[in-house]
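Report on one structure; see the data block that follows.
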Amino acid sequence: MVQIDQGYLQAMGALLAEAIGDVAKANTHAAGVKQERRCLKAIWTTGSAPADCPKN
């Protein structure tokens, strides 16, 4: 069994929470880029956007 300083443990917990938030933000960004590319490809090939693409 190993003892860990409470302050150190809290700091590591805060860093882990920040890293999880950063990953979630990156995933949201990647999903938006994927949707944008899919919509633009459809516009370029068909001349109109699919119904599920943003209007603005």
Exactly one of these conditions fails for Asp52: (1) open to solvent by less than 60 Å² (accessible area, probe 1.4 Å); (2) under 25 Å from the mean Cα position of the chain (by Cα). Give me its number. (1)
Every residue from region 1-52 that is outside any helix (DSSP H, G or I) and among the β-branched types (Val, Ile, Thr): Val2, Ile4
Given the criteria among the aliphatic types (A, V, I, L, M) and open to solvent by 100 Å² or more (accessible area, probe 1.4 Å), does Met12 qualify? no
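The values are calculated or read from the model by the stated rules, or taken from the named source; none is laboratory data. Note that the coordinates shown come from a computational prediction; the quantities given were computed from them, not determined experimentally. Heavy atoms of the whole protein, side chains included, go into the accessibility calculation; ligands, DNA and RNA do not. Shrake-Rupley method; radii C 1.70, N 1.55, O 1.52, S 1.80 Å.
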